Amino acid sequence: MRVDGVVSVGRKVILDVDTGTDDAVAIMFAALHPGIDLLAVTTVNGNVPLENTMDNTLRVLDWIGRSEVPVFAGLPRPIVRAGFPSARHFERDSDDDPHGSTLPIPPARSTSRAGGAVEFLVETLRATTQPLTLVPVGPLSNIATVLAIDPSLTEAVDEVVVMGGGHAEANVTASAEFNVWADPEAAHVVLTAGFRRLTLVPLDATHRALVTRAACARLADLGTPAGTAAARFIGRRIDAYGAAAPCGGAAPVHDVVCTAYLVEPDVVTTRHLPVAVDTAGPLTVGRTVVDTRPDSRGTPNAHVAFDADAGLLVRLLTEVFARDPAADGPASAPGPG
């Protein structure tokens, strides 16, 4: 399913985000691709505190002319712990922070919807007449809470596409990726819930789909709100990764790999494997344990992405971000929020 192809019915999707820079790119992709029917965006504490994830999400949707997409506020903390397992490894808004508290686009004009994200998710999944796709790209607190309320709601979901975890890769600790580490108990709930299909897009894949400064320049040259903003957001990521872990003038944009996968599954290469989450180890809390042994006796519960096609991802970004649904009322160039 491509932007320049004929799309009859969009895949019905709910995004669950902790909007920093990579979530923002994923939101723009999902909101602008004609093959995705973005029903709503729910937010959760993660990259930034909940109030910032809400503000940033509304800013993004307003900026690209999709303010009609409803936004719901989710959980401000993990489901069991009072906070993250330990302090973050960088200072907020420092040069090596790839997100920053507030995205550098104009303040939002729209507001969030009444009711919380969990309430919305439960009501929507109970009422749907066709399975929906959930795409949580932040900590899994909202989704785990929904399952605690009604475990049978897995039947209303055709696929869950999770950005999180790592097999040979980690970031927030030597063992763990941030989204899983931030709420490991929630990740355990989701991975063991019995969804008919769960696709896990870990760092192993997203680190194979780096976006370069040259690609950012091509996005900026599109002259659209999405292209301009994506170039700004990804550029910040490249600057931060250059300071902390050089990627040769490029950076991963983790979350958009998940939304790209919705319309082009070939953007990642997966294997169906058993995956578990460590919720207790003092050195390994939040680690996703992926059993790759050929003689494993574990039951596969996730389609785990180990590779990604960077060229295809960049081409999709360029095609999708060329679209501007608000062309009749162009916004000014992004500046400090």
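The values are calculated or read from the model by the stated rules, or taken from the named source; none is laboratory data. Here the structure is a predicted model, which is why all the values come from computation and not from measurement. Counting neighbours? That spans all protein chains shown, and the Cβs are built from the backbone with ideal geometry, glycine included. In case anyone asks, the SASA skips ligands and DNA or RNA and just uses the protein heavy atoms, side chains included. Shrake-Rupley method; radii C 1.70, N 1.55, O 1.52, S 1.80 Å.
Would you pick out the residues in segment 92-113 that are of a type in the set (G, A, S) and modelled with pLDDT of 90 or more?
Answer for segment 92-113, where residues must be of a type in the set (G, A, S) and modelled with pLDDT of 90 or more: A108, S110, S112.
Got at least one residue in segment 12-26 being modelled with pLDDT of 95 or more and open to solvent by 10 Å² or more (accessible area, probe 1.4 Å)?
Checking segment 12-26: at least one residue is modelled with pLDDT of 95 or more and open to solvent by 10 Å² or more (accessible area, probe 1.4 Å).
Taking segment 120-153, which residues are without any contact (Cβ under 8 Å) to a residue 12 or more places away in the chain and among the acidic types (D, E)?
Residues of segment 120-153 that are without any contact (Cβ under 8 Å) to a residue 12 or more places away in the chain, as a first pass: 123, 127, 129, 152.
Of everything in segment 120-153, just one residue is without any contact (Cβ under 8 Å) to a residue 12 or more places away in the chain and among the acidic types (D, E), namely E123.
With respect to A331, is the statement that it is surrounded by fewer than 23 Cβ atoms within 10 Å (Cβ to Cβ), part of a loop (DSSP other than H, G, I, E, B) and either at pLDDT 95 or above or in contact with a Phe, Trp or Tyr (Cβ under 9 Å, 6 or more places away or on another chain) (or both) true? Quick ask: steps written out before the conclusion?
Values: surrounded by fewer than 23 Cβ atoms within 10 Å (Cβ to Cβ): yes; part of a loop (DSSP other than H, G, I, E, B): yes; either at pLDDT 95 or above or in contact with a Phe, Trp or Tyr (Cβ under 9 Å, 6 or more places away or on another chain) (or both): yes.
Judged against the criteria, A331 is a match.
From the list E159, E155, E177, E123, which residue is touching a Ser or Thr at 6+ places or on another chain (Cβ under 8 Å), at pLDDT 95 or above and farther than 15 Å from T279 by Cα? Steps first, please.
Numbers: E155 fails: touching a Ser or Thr at 6+ places or on another chain (Cβ under 8 Å); E177 fails: farther than 15 Å from T279 by Cα; E123 fails: touching a Ser or Thr at 6+ places or on another chain (Cβ under 8 Å).
So the residue among E159, E155, E177, E123 that is touching a Ser or Thr at 6+ places or on another chain (Cβ under 8 Å), at pLDDT 95 or above and farther than 15 Å from T279 by Cα is E159.
Conditions: (1) under 28 Å from H303 (Cβ atoms); (2) out of contact with any strand residue (DSSP E or B) (no Cβ under 8 Å at 6 or more places or on another chain); (3) crowded, with 16+ Cβ neighbours inside 10 Å. V137 meets all but one. Number of the miss?
Of (1) under 28 Å from H303 (Cβ atoms); (2) out of contact with any strand residue (DSSP E or B) (no Cβ under 8 Å at 6 or more places or on another chain); (3) crowded, with 16+ Cβ neighbours inside 10 Å, only one is false for V137: (2).
Which residue pairs have Cβ atoms under 9 Å apart, sit 6 or more places apart or on different chains, and have a first residue in segment 22-47 that is under 14 Å from F233 (Cα atoms) and a second that is among the basic types (K, R) and at pLDDT 95 or above?
A24/R59; I27/R66; M28/R66
Being touching a residue at least 24 places away in the same chain (Cβ under 8 Å), open to solvent by 50 Å² or more (accessible area, probe 1.4 Å) and farther than 14 Å from V41 by Cβ is the filter here; which residues of segment 98-118 pass it?
T102, P107, R109
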